[in-house]
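**Q** Encoded as structure tokens, here's the structure I'll be asking about.
Every read-out reported here was derived from the displayed coordinates using simple, explicitly stated rules and does not represent laboratory data. Computed from a prediction, not measured in an experiment: that's the story for all the values here. Cβ sites come from the backbone with ideal geometry, for glycine too, and all protein chains shown count toward neighbours.
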Amino acid sequence: MNRIKRIGLVAHDNRKKDLIEWVEWNYLILIHHHLICTGTTGKLIEEAIQQKLHVDEAERFSVRKLKSGPLGGDQQLGALIAGGEIDFLIFLWDPMQPQPHDVDVKALLRIAVLYNIPTACNRSTADFMISSSLMNEVYQPVLKDYADYIDRHLDQVYTSTL
């Protein structure tokens with residue numbers, strides 16, 4: 001991770017207000033980083049931050065907006081994580097509301113854990129992450145070596161499932 005982080009931001013509908021409040025509280029830090037968001041969340045975040053900035057700053061600031069979560073945005077974020085293009089993730093998901101794209105949500109969280117990127121699923125964790133001294137430092141996360149898994153002999157995998 002470089003000093004300028006690539007931050008994935010996503011929130012379910014019932015948590016968008018929480019994320020926007022968090023972004024407004026932390027916008028002075030966030031404007032120095034690259035923000036990548038799922039669709040609706042990205043529009044709301046961009047509007048919230050631009051309202052706080054001077055005109056010249058607002059013109060230079062933008063949010064990369066992916067598709068809406070249920071339309072593939074969660075999967076796009078997961079692909080960016082797998083490709084090393086997201087440094088950490090703030091994902092305020094709603095544990096009380098069933099999601100029609102719940103498998104995508106679980107897949108996104110799985111990929112974040114697999115690639116060992118810091119992930120906040122609530123505001124308290126997001127507060128700790130953004131206030132960490134590592135936020136503005138170069139940081140190299142330890143990645144698990146999956147070479148044995150990748151290099152396994154497929155004939156052994158195939159015969160063990162028979």
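**Q** Could you let me know the centre-to-centre spacing of the range 1-60 and the range 72-114, using Cα atoms, in angstrom?
**A** Cα centres, the range 1-60 to the range 72-114: 17 Å.
**Q** Then there's this: Can you list the GluC sites (Glu not before Pro) in the range 1-106 that are in a DSSP coil and have 15 or fewer other beta carbons within 10 angstrom? Write down the numbers at each step before the final one.
**A** Working: sites: GLU21, GLU24, GLU46, GLU47, GLU57, GLU59, GLU85; in loops: GLU85.
Those that pass, being in a loop and sparsely packed, are GLU85.
**Q** What FRET efficiency would be calculated for the residue pair ASP145, ALA82, taking the C-beta separation as r and a Förster radius of 22 Å, to the nearest 0.05? Don't skip to the answer; put the middle values down first.
**A** Values: r = 16 Å, r/R0 = 0.72.
Between ASP145 and ALA82 the formula returns 0.90.
**Q** Same structure again: Evaluate the relative contact order of the chain (contact order divided by residue number), counting alpha-carbon pairs under 8 angstrom at least 6 apart; express in whole percent. Walk me through the intermediate numbers first.
**A** Details: 207 pairs, mean separation 44.1, N = 162.
For the chain, the relative contact order is 27 percent.
**Q** Working from the alpha-carbon coordinates of the range 6-160, get Rg over Rh, Rh being the Kirkwood radius. List each step's numbers first, then the result.
**A** Values: Rg = 17.2 Å, Rh = 16.6 Å.
Checking Rg against Rh, the ratio lands at 1.03.
**Q** Among the listed pairs LYS106/LYS144; LYS17/LYS67; LYS16/LYS144, which are separated by more than 22 Å between their Cα atoms?
**A** Values: LYS106/LYS144 20 Å; LYS17/LYS67 19 Å; LYS16/LYS144 33 Å.
Beyond 22 Å: LYS16/LYS144.
**Q** If the chain between ASN2 and HIS32 were fully stretched, how many nm would it gain, using 0.36 nm times the residue separation less the Cα-Cα distance?
**A** On the way: separation 30, 0.36 × 30 = 10.80 nm, distance 1.21 nm.
Here the answer is 9.6 nm.
**Q** Modelled label-to-label distance, MET96 and CYS121, 7 Å Cα→beta-carbon offset: nm?
**A** Taking the two extended label points, one gets 1.7 nm.
**Q** Additional query: Starting from the Cα of LYS5, draw a straight line to each of the aspartates and glutamates and keep only those under 12 Å, dropping any in the same chain fewer than 8 residues away.
**A** Output for LYS5: GLU85, ASP87, GLU137.
**Q** So, one more: Mind listing which trypsin sites (Lys or Arg not before Pro) in the range 1-83 are in a DSSP loop and have 12 or fewer other Cβ atoms within 10 Å?
**A** Details: sites: ARG3, LYS5, ARG6, ARG15, LYS16, LYS17, LYS43, LYS52, ARG60, ARG64, LYS65, LYS67; in loops: ARG3, LYS5, LYS67.
Listed in order of number, the matching sites are ARG3.
**Q** With Cβ to Cβ distances under 12 Å as the rule, what net charge do the other residues near LYS17 carry (K, R +1; D, E -1)?
**A** Details: positive: ARG15, LYS16, ARG123; negative: ASP13, ASP18, GLU21, GLU24, ASP94.
Summing Lys/Arg as +1 and Asp/Glu as -1 gives -2.
**Q** Apply the a/c threshold of 1.5 to the C-alpha gyration tensor of the range 1-71 and tell me whether it is rounded, prolate or oblate. List each step's numbers first, then the result.
**A** Values: a/c = 1.61, a/b = 1.33, b/c = 1.21.
It is prolate, given that a/c is not under 1.5 and a/b is the larger ratio.
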